[in-house]
Amino acid sequence: MTSDVLTSSTDSSSAPFDTDVLVVGAGPIGLITAAALRHHGVACRLIEQRADTKAYSRANNLWARVQELLTGVGLRDALAEQAYVVTEARTVLNGRPVDPVALDDVESPFPNALYSGQDVMETTLSDLVADRGAPVERSRRLVGLEQDAEGVTVTVADAGDHDGDSDAAAGTERIRCRYVVGADGSSGQVRELLGLPLETESFPGRINRQVDAKLSWRRSTEPDHLTFFYYQPNGFTGVLPIWGGYHRLYFVQDDTGVPDRDPTLEEMQALAREVTQDETLTLTDPIWFSRNRFSHGVTSHYAVDRVLLAGDAGHLTMPIGGQGMNAGIHDAVAVAWRLAMVLAGHADPVVLDSYDQERRGEHARLDHQQARGFKTTVERGKVTDLGLDAASRFVPGIGSLIQGTDDLQQLSVHYPDSALNEDHLGGRLLHHKAPKAGERAPDARVVDQHGATTHLFAHTQNPDGWTWGWSLLAFDGGVEDPQGHRAAAVDAVSPWAWVRPRLVTGASTTPPAGGGVVELDDLDHVAHAAYGLKERPALVLVRPDGHIAYRGSADDPGRLVDYCTRVFGPAGGTPA
C-alpha cells in the first residue's frame, strides 16, 4: 500500500479496538465485503448512510467468474435463488439477426450468467450479513477518519446530522478499528477524506437513457437471453431481464435534441419501436427511468496505509457490458481474504500491499478496454457501420466476435505483474498452453479417494475448512514419482498449516501417498491438460481467490519454501 498520501495522525493509538474492520457503504460491494470478512471469522462493522436498500436496480448481473468467487465465500447460491439464468446473447445488426452467442461456452462450473436486480441482491445480502453477525447500521455516515501506525479512528454521525465535528453532536460516535474498507461509491466520503483524486473522462455528445418496465413485443420475453441492437447511425440498444418479470431497455445515442431530463414512458416506447422495428412493442408498469453520460476513470490508489477502497469508491465504470458491479465483487473478495490473513498474523506486508497493485491495475485495464470498445462499437462511424453491415451478411459467428464471452464473463481477469506471483515454469509446456502465475486456476474433473467424480474447485475453495487457505496442487505429470518429490513438497510446506496439499495423480503406477493427504486421480489427464503439465511433474500454489500464485518444478521444493517464507513469513515465526 502506498504512503504517498497520508491522512492525519491521531493520539488514539493506544485506545482499545471496537472492531477489526469497519466497512463503509452497504451497497452490494460493501455487503459482500462484510459477508466475506465474517466468512473468514473477522470481526467487522458495516455502516450505511441510506435508511433502506435502493428501491430500484442499477446493476443486476453476475458473470461466471464472479459466481466462482461468491461460491468461495458462501454467497452464490442464496443470490441465485432470486435470479434468472441467462444462456444466450442475441445480436441484431442494422435490423438483421446474426448468430446468437452461447454465454455458457466458457470453462466454468457456472457458465450461465445470472440476472436479478440490485435491490433484490441487497436485500438478500443484508439478511446474510446479519445472520453472520454484522447487521447493517443504517442512517450512519462517515464524517472523520484518522490513521496511525496501529489502527484507524473514524467518526460516524447520524445521516441527518450535518454537524459531526463535535462529539456532542447527536448520534456521533468514534470507532477504533484496525482497518477501514471504503465501499461507499464514487461520491463517497472515504476516498474524499483520503484526498485521493478520481479524474474522469467522458464521451461528449453521447447519452444513455433507460427504463425498467414490463415488456411486450414480437420477440420472446423469456428471461433466458439478452438482446443487443446495433443500428445506424451509431446507435446501440440493450434489452435485459430484471427480476420480477421486468426488462431493462437502454439506448445509447447522440444527444442532439434529447431533453435534459429523465425520459418518459411514451418517449422510451416510441424509441424502442423505432430501434426494434416492432410497432407492437409496448412498455407498461415502469419502475425506474434514468439518463447518464459516459464518464469513466480510476483513482490513483486503492489503498492508503490501513484504509482500502472497493468497488465504485475507486473507479467509475461505464454503464455498458455489466462489468462495474462484477469488478467490485472481485475487490470485495480480494480485500477480505487478505485482511483475514493479516489479522491472523499469517501474512507478510506484501500480501496486503498487493491489493492496491492488483486491483487498481485491473480496473485501469478494464477502463481502457471499455473506452476502446465504446469507440469501436458505439462511436463507430459510417465506415465501421458499413463494415458491420457487411459482416452480418458474410461473417459466421460475428456475434461472438462482437461480444467476446471470455472477457464478458471476466474469466480472463489476471494479475501479470503482481508481487505475489512467482513462476519457474515456461509459459508453454510440451505445446500445451499453461496458465501462468497471476492467472485464474482452471477447474477440471478428477476422481477422489473414494472413487467419486469431483472437481478441483471443490478442493481449492475453503480447503480443509481453511476459508482463506491456499491449495498446493502437486502434479505428477502422468509419470511415476520414484524419488518422492511430491511427498517432499508436502513436508516442505507443513510449517504453514493453511497451505493445503492436493496430490493430482496421472500415473496409474503411482502408489497412494497416505498420511491423510488429499489425493485426486487424473488418469485421463484432464486436469494435467488444463494446467499444461503433461509429462511434467510440477507444483502449483493456488490463492484463496483461485488465482495461481506460484509454479515450479516438483523436484525443487526449496523454491516453494522460499516463496512461502517471503509471503507468509518464516516457518514457525510471526510475519513482520
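Can you check what the net charge comes to around residue 133, using other residues whose Cβ is under 14 Å from the Cβ of residue 133 (Lys, Arg +1; Asp, Glu -1)? Residues close to residue 133 contribute a combined charge of -1. Note on residue 344 and residue 138: the extension gain reaches 71.3 nm, defined as 0.36 nm multiplied by sequence separation minus the Cα-Cα distance. What the pair-distance distribution of the range 1-154 shows, using all Cα-Cα distances binned every 5 Å from zero, is 2, 8, 14, 15, 15, 13, 10, 8, 6, 4, 2, 1, 0, 0 percent.
Cross-link reach is defined here as a Cα-Cα straight distance under 30 Å, omitting same-chain residues fewer than 8 places apart; for residue 54 the lysines meeting it are 214.
If R0 is 25 Å, what FRET efficiency do you get for residue 559 and residue 364 from their C-beta distance, rounded to 0.05?
Between residue 559 and residue 364 the formula returns 0.20.
Within the range 24-75, all pairs of alpha-carbon atoms sorted by distance into 5 Å bins from zero give the percentages 4, 17, 24, 23, 18, 11, 1. If only the Cβ of Lys and Arg carry +1 and only the Cβ of Asp and Glu carry -1, the dipole of the chain around its Cα centre is close to 900 debye. The Cβ shell under 11 Å around residue 37 holds other residues with a net charge of +3, Lys and Arg each +1, Asp and Glu each -1.
I want the local charge near residue 84. Using Cβ-Cβ distances under 13 Å, sum +1 for each Lys or Arg and -1 for each Asp or Glu among the other residues. Every neighbour counted, the sum reads -3. The Cα-based radius of gyration of the range 454-554, divided by its Kirkwood radius, gives an Rg/Rh of 0.92.
Could you sort 433-443, 323-333 so that the peptide with the highest average Cβ count within 10 Å comes first and the rest follow in order? Show your work: numbers first, answer last.
On the way: 433-443: 19.1, 323-333: 25.5.
Listed from highest to lowest mean packing, they are 323-333, 433-443.
For the range 206-292, the Cα-based Rg and Dmax, in that order, read 12.1, 35 Å. If the viscosity is 0.890 mPa s and the temperature 25 °C, what Stokes-Einstein diffusion coefficient in µm²/s follows for the chain when Rh is the Kirkwood radius over Cα pairs? Using the Kirkwood radius from Cα pairs, D works out to 97 µm²/s.
Helix-only mean residue ellipticity at 222 nm, the chain, DSSP H runs n ≥ 4 weighted -39,500 (n - 2.57), per residue, nearest 500. What is it?
-8500 deg cm²/dmol
Could the peptides 365-372, 533-540 be put in order, highest first, of the mean number of other beta-carbon atoms found within 10 Å of their residues? Kindly include the intermediate steps, with their values, before the conclusion.
Details: 365-372: 16.5, 533-540: 22.9.
By packing density, highest mean first, the sequence is 533-540, 365-372.
Coupling constants for the range 205-213 follow from the phi torsions by the Karplus curve (6.51 cos²θ - 1.76 cosθ + 1.60, θ = phi - 60°), and in residue order they are x, 10, 9, 10, 10, 8, 9, 10, 7 Hz; glycine and proline get x. Highest average first, the peptides 26-38, 86-98 ordered by how many other beta carbon atoms sit within 10 Å of their residues are 26-38, 86-98. The alpha carbon convex hull volume per residue for the range 63-115 rounds to 72 Å³.
Since every read-out is calculated from the coordinates, none of them should be taken as a lab result. Nothing here was measured: the structure is a model prediction, and the numbers come from that model. Reconstructed Cβ throughout: ideal geometry from the backbone, glycine too, with neighbour counts over all protein chains shown.
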